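The values are calculated or read from the model by the stated rules, or taken from the named source; none is laboratory data. Predicted, not measured: the structure shown is a model, and the values here were computed from it. Cβ coordinates were reconstructed from backbone atoms using ideal geometry, including for glycine residues, and neighbour counts include every protein chain displayed. Ligands, DNA and RNA are stripped out before the accessible areas are found, and what is left, the full protein with its side chains, is counted by its heavy atoms. Shrake-Rupley method; radii C 1.70, N 1.55, O 1.52, S 1.80 Å.
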Amino acid sequence: MRRRPVDFRRPVRRRVSNVVVWSLCGIVVLLFIVIFNKESRIESRPTSSIKDYTKYVKNIEGLNITDEMLSPNSITRQLSDQISLAKAFVVIAKESNNIQFAWELSAQIRNSQVFLSSVATRRAPLTTRESETAIRDMALLLLHAQQLHYDSATMITRLKTKIQTLDEQMAAVSEKSSKHGQIAAEEIPKGLYCLGIRLTTEWFGNSNLHRRMNERMHIETKLRDNSLYHFCVFSDNILATSVVVNSTTLNSKNPDMVVFHLVTDEINYSAMKAWFSMNTFRGVTIEVQKFEDFKWLNASYVPVLKQLQDSETQSYYFSGHNNDGQTPIKFRNPKYLSMLNHLRFYIPEVFPALEKVVFLDDDVVVQKDLSGLFSIDLNSNVNGAVETCMETFHRYHKYLNYSHPLIREHFDPDACGWAFGMNVFDLVEWRKRNVTEIYHYWQEKNVDRTLWKLGTLPPGLLTFYGLTEPLDPSWHVLGLGYTNVDPHLIEKGAVLHFNGNFKPWLKIGMEKYKSFWEKYVDYSHPLLQQCNFH
């Protein structure tokens with residue numbers, strides 16, 4: 001084959017050397033590694049910077065706060081302590097009327113605070129040299145405060161004295177408040193006084209009232225019929241007694257079976273008879289008596305009447321000047337010695353023909369039918385009552401003196417207290433167990449007032465100890481005369497008791513509860529109108 005000329009020949013393809021190829025690949029790999037390492041350094045740099053910054057901050061914090069403040073030679077802490085002490089002395093200086101010194105202390109406190117603030121912005125601790133002036137100036141003022149008897153020991157003594165003085169002042173104010181409250185609670189409102197006078201006048205001037213009363217007394221068999229519902233009230237408050245009778249009868253399902261036995265004193269006897277003669281109360285049977293007619297009620301039989309003949313007892317309860325004022329005024333109230341108050345312990349003698357009776361205080365309102373009380377099984381007990389020991393305040397140890405051996409040996413201090421005001425009494429069991437004699441025993445033991453101070457509840461707790469059957473709490477709701485009562489309890493309660501000083505017929509009565517009582521008062525009655533009852 002003929003070869004082409006040189007000019008017409010194809011260029012020869014020269015193959016690249018393997019060495020060159022591998023060199024180029026190596027260079028590329030090296031470049032990739034370099035770039036990768038560079039990116040890794042860039043990514044790790046922020047973490048390293050954060051650690052360095054944190055370390056830097058910790059060094060600063062440790063320098064200015066932690067290590068420096070914990071150091072025994074800390075100048076910053078010394079200045080801070082001086083400022084705290086100076087602030088206390090400023091208060092003391094003002095109380096001592098040393099206004100100039102208080103001003104000097106306040107000025108130096110401001111100077112030290114400004115100095116500490118300026119130091120806090122830098123990174124180096126305080127030195128003794130630069131803080132010498134501030135510490136010395138404050139130290140001089142603190143030394144002056146000690147020379148003015150502003151030291152801690154003196155001030156503690158002064159504060160104790162001041163606290164004691166305030167306690168004495170508070171006790172005096174409390175005593176005065178208690179006296180005023182007691183006086184207000186014991187007062188006879190003008191309206192009640194007026195009503196008593198007008199009713200007495202009406203009784204002696206209106207023969208029709210005598211006739212009505214005599215007609216009612218012709219049904220004496222009802223007064224002794226034990227198949228009926230017998231209630232008793234001992235009171236000298238005509239209007240309050242009227243509310244008890246009216247509320248009971250208006251809420252009774254069978255008012256013709258209701259019999260009320262009212263006992264009052266000689267002063268209010270005529271007025272009480274007049275009021276219950278001129279008002280019908282749905283035709284219920286009402287008997288009015290006065291305790292002065294009870295021949296058995298004399299000093300030889302009744303310890304309270306015997307005690308009233310003692311001059312020391314009379315002085316204690318009526319003068320109020322002995323015992324160095326240690327006995328609270330509420331215990332020195334002569335009303336607790338009233339026979340109307342103690343007559344509850346003589347119910348079998350007052351009503352010898354009755355077998356069961358419901359006792360009602362004159363400061364209660366009945367808002368449900370009470371006939372169910374007469375079918376309650378008292379389990380051979382004498383007294384059916386609502387217990388009041390939901391709190392420790394109402395247990396026996398609150399009412400009785402347990403330092404006395406007679407009390408300590410016979411009665412459990414944690415025994416549950418109960419309430420007078422709505423009680424079911426089984427008079428058959430009462431007579432069988434001779435309960436009145438138990439009452440006499442404890443009254444005679446308390447002639448020196450060492451077992452209890454006063455009132456009828458403490459002797460009642462002793463007399464009916466182990467003889468009381470608990471009733472459902474809804475039968476008797478207490479507290480409307482001295483505290484706030486759960487509205488749900490009031491709604492469910494059969495008997496609402498205004499025990500306490502804030503009676504609903506007084507101006508000091510609790511306004512939010514007065515409506516429960518006033519709904520049973522007919523303010524349109526002519527006599528109430530004449531006596532300005534509203």
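Things worth noting here:
- Region 247-299, accessible surface, carbon-and-sulfur percent (1.4 angstrom probe): 49
- When peptides 256-267, 463-474, 229-240, 514-525 are ranked by their average number of other Cβ atoms within 10 Å per residue, the highest-first order is 229-240, 256-267, 463-474, 514-525.
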